[in-house]
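What follows draws every value from the coordinates through simple rules; no lab data is involved. Since we're looking at a predicted model, the values are computed, not measured. Backbone-built Cβ (ideal geometry, glycine too); neighbour counts: all protein chains shown.
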């Protein structure tokens, strides 16, 4: 079964959301531990420890789709150049 064209990249974009949240939580936690604060402190929305906002998922999902488009294009370019 092949995925429908609009669905292509959706699982990967979901993984990107999780990766971005993990990076944001990890770097924010480390900065808070080492320096005592972070450049971002979320107080509004659905936030976790003031380090990530769950309501930003649609934005990060769109970023993940963009990353997948870039990846696919680079992959095609590499295949076309024989690298």
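Pairs of Cα atoms in segment 24-78 fall into 5 Å distance bins, from 0 up to the last occupied one, in shares of 5, 18, 18, 16, 13, 12, 9, 7, 2 percent.
Order 59-65, 19-25, 45-51 from most to least packed using the mean count of other Cβ atoms within 10 Å.
On the way: 59-65: 16.7, 19-25: 15.0, 45-51: 13.3.
Going by the mean number of other Cβ atoms within 10 Å, highest first, we get 59-65, 19-25, 45-51.
For segment 13-76, what relative contact order do you get, as a whole percent, if you take Cα pairs closer than 8 Å and at least 6 residues apart? Spell out each step's value before the answer.
On the way: 49 pairs, mean separation 26.1, N = 64.
With pairs under 8 Å counted, the relative contact order is 41 percent.
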